[in-house]
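K.L.:
Pasting a structure here, questions to come.
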Amino acid sequence: MKKIICIIALCITIFYSHQSQAQYKLNLAFPSLQTFNNPVELVHAYDGTNRLFVVQQRGLIYVFNNNPSVSSAKLFINLSAKVSQTGNEKGLLGLAFHPNYENNRQFYVNYTFDSVSQTWSRISRFTTSISNPDTAVSSTEEILLTLYQPFTNHNGGKVAFGPDGYFYISFGDGGSGGDPHGNGQSRNTLLGKILRINVDSAGGGKAYSIPSTNPYHGNLSGYKEEIFAYGLRNVWKFSFDELNGQIWAGDVGQSAFEEIDIIENGKNYGWNKMEGFACYGTCDTTGKGFTRPVWDYPRTVGTSITGGYVYRGSKHPDLYGKYIYADYPSGKVFSLAYDGITASNTLLFDTSYLISTLGTDQYNEMYFLNLSSTGRIYKLYKPSVINLKITAALQGFLDANTNTMSLSDTVTVYLHQISSPYAAVDSFVTVLNSTTLSGYCNFSNAPNGNYYINIEHRNGLETWSKAGGMTLSKGNDFQYDFTSASSQAYGNNEILVGSKYCIYSGDVNGDGSIDLSDNGFIENDATQFLTGYIISDLNGDGLTDLADQTLADNNSSNFVTKATP
Ligand SMILES: [Ca+2]
Ligand SMILES: [Ca+2]
Ligand SMILES: [Ca+2]
């Protein structure tokens, strides 16, 4: 039955892929930045510094500021003397920063090393310099775990902290082909698993402890207590959904299927009895309780999955909530929509790159890296849309002390002709984020040209961009910041709150002026003690009261009206 569903889904995939293949492409994310020698991971530190860290397979980690115009990366740490210098699947493979990194400066890596012609995996902790946050030295190493690898391949490699604060590790089945030692199904080995440990305490002769909620915690059967999930062949990448903590893994297949799994506590994902939805070798899957993947794909589609991320960024609204991943050898990038029952897969585009990893920044925007001695960092873009980042703040919502707004809220952004009658030629509904004060717009109707940008909010005054307009073109990224100067608004029509120029609050009837009719509207709501998401709540605190009335009164007594060409 599952196989039939799978085949139907594949047909849908092929249909969709022809429809949307041209929609997205990859572009250099940091055109002025150096190349990287065989990058295999890109992460951020969850410390709010907006830096990105790139891991090179032979042991170097670089750090740089996440700015499109950044031109240099600093060497963060050099572990080349420790890690394997040969082997396609060996080297420095994973990096994760402690959830409390801001204070403890601890980060963790997963690497292989060679000793007397044997391959070993190692999980270690390092500590960043207290004086220089862009530097760490290899002598701070504290070894947490060392694991013998019977073969040189299938070393897994990903490490990440979960929302539970525990540390997760993927290890492959030990290698060779077909899992000759049966490690995937054996709970007496750490191979072929995703592990979960607590790195904040030590116990039982180990440099870490076992969470009491691990499936084999305290077992008397000799099962490894570190196991979180098993029956996995070689999870090269897994990630946590930033919204709900769900774990998504890409498990690299043997000779027939690549698979995507949602990893849950104690579950058995079937290897080496299953490969994707199919049996592997002798078919003895009935009654085994094998957890099926969310999706698999055959050799006609690709040959080695690079697991990615559930997209939770704001630049690409149509990808929100979808699992974005790649196929390493073919360079294909896919998005998978999954509602808990049905998965539908779409080929976003096909590249000529060997995509070794995806990565995200602190805004959950996504990057793609290619395995090459001159590897680079790519981002998604749509050749057919004008991508405009709008930064703006509402007078009533902005806290002058923190420069954040009381809530994230919807605005409609219009592009208008530059000359009379200044007609709107395109519009996009986006959300101004309360922290970044920004939202992204994808305009697909407006041709390349010069435009006025007009932003409209449910109780803000219609505000237009400065005289002369802005030249915009498809396939490119633009930004317009209404908060940086009053001259950014047509007719300097903004009000300064703290250090940010803001859109006037109070035009609740949307007629372009803040006057007695708005005051009356707000007063009426205030006498009814209205609460919730209401148009008359000018300061965004969830109720309409005297504070909102006062704000509108001040603006109306100053005869605030919209300024347009
Ligand atoms: Ca499986
Ligand atoms: Ca009005
Ligand atoms: Ca209010």
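To keep it simple, each residue is scored yes or no on (1) of a type outside the set (Asp, Glu); (2) surrounded by fewer than 19 Cβ atoms within 10 Å (Cβ to Cβ).
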{"residue": "Gly276", "(1), (2)": "yes, no"}
{"residue": "Gly287", "(1), (2)": "yes, yes"}
{"residue": "Arg299", "(1), (2)": "yes, yes"}
{"residue": "Val310", "(1), (2)": "yes, no"}
{"residue": "Lys332", "(1), (2)": "yes, no"}
{"residue": "Tyr353", "(1), (2)": "yes, no"}
{"residue": "Glu365", "(1), (2)": "no, no"}
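K.L.:
Any idea how many residues of the range 307-332 are part of a strand (DSSP E or B) and under 15 Å from the mean Cα position of the chain (by Cα)?
P.N.:
So the answer is 8.
K.L.:
Out of all the residues in the range 265-274, which are open to solvent by less than 20 Å² (accessible area, probe 1.4 Å) and more than 7 Å from ligand 1 (Cβ to nearest atom)?
P.N.:
Within the range 265-274, Asn268 is the sole residue that qualifies.
K.L.:
Being part of a helix (DSSP H, G or I) and of a type in the set (A, V, I, L, M) is the filter; apply it to the range 509-537 and report the residue that is nearest to Gly491 (Cα to Cα).
P.N.:
Across the range 509-537, the extreme among qualifying residues is Leu516.
K.L.:
Out of (1) among the aliphatic types (A, V, I, L, M); (2) open to solvent by 30 Å² or more (accessible area, probe 1.4 Å); (3) closer than 30 Å to Gly520 by Cβ, the odd one out for Val425 is which?
P.N.:
Here Val425 meets the rest and fails (3).
K.L.:
Something else now. Quick check, is Tyr381 under 29 Å from Gln56 (Cα atoms), hydroxyl-bearing (Ser, Thr, Tyr) and at pLDDT 95 or above?
P.N.:
No, not satisfied.
K.L.:
For the list (1) more than 16 Å from ligand 2 (Cβ to nearest atom); (2) within 30 Å of Ser384 (Cα to Cα); (3) among the polar types (S, T, N, Q), I need the number of the one condition that Ser499 fails.
P.N.:
With respect to (1) more than 16 Å from ligand 2 (Cβ to nearest atom); (2) within 30 Å of Ser384 (Cα to Cα); (3) among the polar types (S, T, N, Q), Ser499 is out only on (2).
K.L.:
Right, something else. Is there a residue being among the acidic types (Asp, Glu) and open to solvent by 40 Å² or more (accessible area, probe 1.4 Å) anywhere in the range 531-539?
P.N.:
no
K.L.:
Right, here's the next one. Which ones in the range 421-456 are free of Cβ contacts under 8 Å to residues at least 24 places away in the same chain and over 16 Å from Asn387 (Cβ atoms)?
P.N.:
Pro421, Ala423
K.L.:
Let me ask you something else. If you check Trp236 against the conditions, is it open to solvent by 20 Å² or more (accessible area, probe 1.4 Å), part of a strand (DSSP E or B) and more than 16 Å from ligand 3 (Cβ to nearest atom)?
P.N.:
Yes: the conditions hold for Trp236.
K.L.:
Take the residues in the range 367-409 that are under 20 Å from the mean Cα position of the chain (by Cα) and of a type in the set (Phe, Trp, Tyr), then tell me which one is most open to solvent (accessible area, probe 1.4 Å).
P.N.:
Ranking the qualifying residues of the range 367-409, first place goes to Tyr381.
K.L.:
Go over the candidates Pro215, Pro180 one by one and state the one that is in contact (Cβ under 8 Å) with a residue 12 or more places away in the chain, surrounded by fewer than 21 Cβ atoms within 10 Å (Cβ to Cβ), in a loop (DSSP other than H, G, I, E, B) and of a type outside the set (Asp, Glu).
P.N.:
The conditions single out Pro215.
K.L.:
Considering the range 88-147 alone, what residues qualify as being within 21 Å of Lys237 (Cβ to Cβ) and among the acidic types (Asp, Glu)?
P.N.:
Across the range 88-147, the qualifying residue is only Glu89.
K.L.:
Taking the range 239-264 as the search range and keeping residues that are crowded, with 20+ Cβ neighbours inside 10 Å and aromatic (Phe, Trp, Tyr), which one is farthest from ligand 1 (Cβ to nearest atom)?
P.N.:
Trp248
K.L.:
Go through (1) in a loop (DSSP other than H, G, I, E, B); (2) of a type in the set (Ser, Thr, Tyr); (3) in contact with a Lys or Arg (Cβ under 8 Å, 6 or more places away or on another chain) one by one and return the number of the condition Thr119 breaks.
P.N.:
(1)
K.L.:
Name the residues in the range 444-476 that are open to solvent by 70 Å² or more (accessible area, probe 1.4 Å) and either assigned to a strand (DSSP E or B) or closer than 22 Å to Leu551 by Cβ (or both), would you?
P.N.:
Within the range 444-476, just Thr471 meets the criteria.
K.L.:
Given the residues Phe529, Phe559, Phe521, which is the only one that is out of contact with any helix residue (DSSP H, G or I) (no Cβ under 9 Å at 6 or more places or on another chain) and within 16 Å of ligand 2 (Cβ to nearest atom)?
P.N.:
Phe559
K.L.:
Look at the range 477-508 and say how many of its residues are away from ligand 3 (no atom under 16 Å from the Cβ), of a type in the set (S, T, N, Q) and either surrounded by 15 or more Cβ atoms within 10 Å (Cβ to Cβ) or in a helix (DSSP H, G or I) (or both).
P.N.:
Here the count works out to 6.
K.L.:
Take the range 149-174 and flag every residue that is buried (at least 16 other Cβ atoms within 10 Å of the Cβ), of a type in the set (Gly, Ala, Ser) and touching a residue at least 40 places away in the same chain (Cβ under 8 Å).
P.N.:
Within the range 149-174, Gly156, Gly157, Ala160, Ser170, Gly172 meet the criteria.
K.L.:
Let me ask something else about it. Keeping to the range 474-512, report how many residues are farther than 24 Å from Asp553 by Cβ, over 32 Å from the mean Cα position of the chain (by Cα) and of a type in the set (S, T, N, Q).
P.N.:
1
K.L.:
Please work out if Gly540 is more than 16 Å from ligand 2 (Cβ to nearest atom), in a helix (DSSP H, G or I) and either touching a residue at least 60 places away in the same chain (Cβ under 8 Å) or not acidic (Asp, Glu) (or both).
P.N.:
So Gly540 does not fit the description; no.
The values are calculated or read from the model by the stated rules, or taken from the named source; none is laboratory data. Everything quoted here is computed from the prediction, not taken from an experiment. FYI the Cβ positions are ideal-geometry reconstructions off the backbone, even for glycines, and counts take in every protein chain you see. For accessibility, only protein heavy atoms count, side chains too; no ligands or nucleic acids. Shrake-Rupley method; radii C 1.70, N 1.55, O 1.52, S 1.80 Å.
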